[in-house]
1. Is it true that ALA182 is modelled with pLDDT of 95 or more, hydrophobic (A, V, I, L, M, F, W, C) and within 12 Å of the ligand (Cβ to nearest atom)?
2. Check ALA87 against each of (1) modelled with pLDDT under 90; (2) assigned to a helix (DSSP H, G or I); (3) not acidic (Asp, Glu) and name the one condition it does not meet.
3. Within the range 52-78, track down each residue that is of a type outside the set (Asp, Glu) and in a loop (DSSP other than H, G, I, E, B).
4. Got a sec? Which of GLU92, GLU72 is of a type in the set (D, E, K, R), away from the ligand (no atom under 13 Å from the Cβ) and under 23 Å from GLU152 (Cβ atoms)?
5. Sort through HIS100, HIS12, HIS25 and tell me the only one that's within 11 Å of the ligand (Cβ to nearest atom), outside any strand (DSSP E or B) and at pLDDT 95 or above.
6. On the given criteria, is ALA38 in contact with an Asp or Glu (Cβ under 8 Å, 6 or more places away or on another chain) and either closer than 18 Å to ILE78 by Cβ or not in a loop (DSSP other than H, G, I, E, B) (or both)?
7. Is at least one residue of the range 111-120 away from the ligand (no atom under 11 Å from the Cβ), of a type in the set (Val, Ile, Thr) and under 24 Å from ALA42 (Cβ atoms)?
8. If we keep just the residues of the range 35-50 that are in contact (Cβ under 8 Å) with a residue 24 or more places away in the chain and surrounded by fewer than 16 Cβ atoms within 10 Å (Cβ to Cβ), which is nearest to the ligand (Cβ to nearest atom)?
Amino acid sequence: MAARCAEQLNAHKLEVETAHGVSAHVFSLDLTAEVGAADLHAQIKAAGLSVDILINNAGFGRQGEFVERSLEVDLGMIDLNVKALVADDMIEQGSGKILHVNSTAGFMLGPLQATYFATKAFVKSFSQALDEALRGKGVTSTVLAPGFVETEFAKAADLEDTGLVNGDGATAESVAQHGYDAMMAGKLVTINQFGLRFMINCLMPFMPYRMKLKMISKMQTKA
Ligand SMILES: NC(=O)c1ccc[n+]([C@@H]2O[C@H](COP(=O)([O-])OP(=O)(O)OC[C@H]3O[C@@H](n4cnc5c(N)ncnc54)[C@H](OP(=O)(O)O)[C@@H]3O)[C@@H](O)[C@H]2O)c1
């Protein structure tokens, strides 16, 4: 497990080890840093570990008009949501499974979260292309695209009081299980909720772009 907060990582380590009788390794680092992902890779190697399953989960969003927002925050978002993704050791091993924790944002247009939606569109495209290139080498790549999930995300993204955060989000546990099962089955893309799957696959392709822009803009406007 990798994240910035060492205290929370160590708490999760203890929880996993106690519940499942396994050894968990935690790496406390900032993946937005210039060398964040490379640093994580080096630390994994130095610990004598190899990666069979890679879950790229770390990411954040931020509500607001693009022109009024901090460029620094948006560049940090691109660093974390996009640039920290790539890992190639699995090809040498000849096996591996990758889960990209993406978002339904990757399938939509993103007024009031322009950069976040664009980073997720990158991940959606990248993961599927990676799967096509690596499947023959024993490595699969799955896109998990959830809707609203009850985590710290909405608060960090300043999305509270918007239509996106409607109080009946999925639990992190149910989304994690859904994504894990899809990854183990080698699925290309999975959306955790039926209603969202229907909207994205069956309704949105037939809606005019301007209508979609206005709909998403309304959903992301604060009350
Ligand atoms: N919650 C939703 O509604 C929702 C919906 C669709 C998709 N998603 C996606 O789900 C993923 C997980 O988000 P979440 O909902 O679990 O949000 P969260 O509760 O805010 O968790 C984000 C995780 O990423 C880690 N992280 C953030 N910045 C980092 C950095 N610079 N370096 C290393 N680790 C970092 C955080 O740990 P530290 O703070 O300790 O670093 C934390 O473990 C994201 O990719 C998000 O885009 C979320």
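The values are calculated or read from the model by the stated rules, or taken from the named source; none is laboratory data. All values reported here derive from a predicted model rather than from experimental measurement. So basically every Cβ, Gly included, is an ideal-geometry build from the backbone, and we count neighbours across all protein chains shown.
1. no
2. (2)
3. Result: ASN57, ALA58, GLY59, PHE60, GLY61, ARG62, GLN63, GLY64, ARG69, SER70.
4. Numbers: GLU92 fails: under 23 Å from GLU152 (Cβ atoms).
Residue meeting the stated conditions: GLU72.
5. Working: HIS100 fails: outside any strand (DSSP E or B); HIS25 fails: within 11 Å of the ligand (Cβ to nearest atom).
Just a single option satisfies the conditions, and that option is HIS12.
6. On the way: in contact with an Asp or Glu (Cβ under 8 Å, 6 or more places away or on another chain): no; either closer than 18 Å to ILE78 by Cβ or not in a loop (DSSP other than H, G, I, E, B) (or both): yes.
For ALA38, the condition - in contact with an Asp or Glu (Cβ under 8 Å, 6 or more places away or on another chain) and either closer than 18 Å to ILE78 by Cβ or not in a loop (DSSP other than H, G, I, E, B) (or both) - is not met.
7. Our first condition is that a residue be away from the ligand (no atom under 11 Å from the Cβ); within the range 111-120, this holds for 111-112, 114-115, 118.
From what is left, the residues that are of a type in the set (Val, Ile, Thr) are 115.
From the residues that got through so far, the ones that are under 24 Å from ALA42 (Cβ atoms) too are none.
Within the range 111-120, none of the residues are away from the ligand (no atom under 11 Å from the Cβ), of a type in the set (Val, Ile, Thr) and under 24 Å from ALA42 (Cβ atoms).
8. Within the range 35-50, the subset in contact (Cβ under 8 Å) with a residue 24 or more places away in the chain is 36-37, 40-41, 49-50.
Subset that is surrounded by fewer than 16 Cβ atoms within 10 Å (Cβ to Cβ): 49-50.
Values: LEU49: 18, SER50: 21 Å.
If we take residues in the range 35-50 being in contact (Cβ under 8 Å) with a residue 24 or more places away in the chain and surrounded by fewer than 16 Cβ atoms within 10 Å (Cβ to Cβ), then LEU49 is nearest to the ligand (Cβ to nearest atom).
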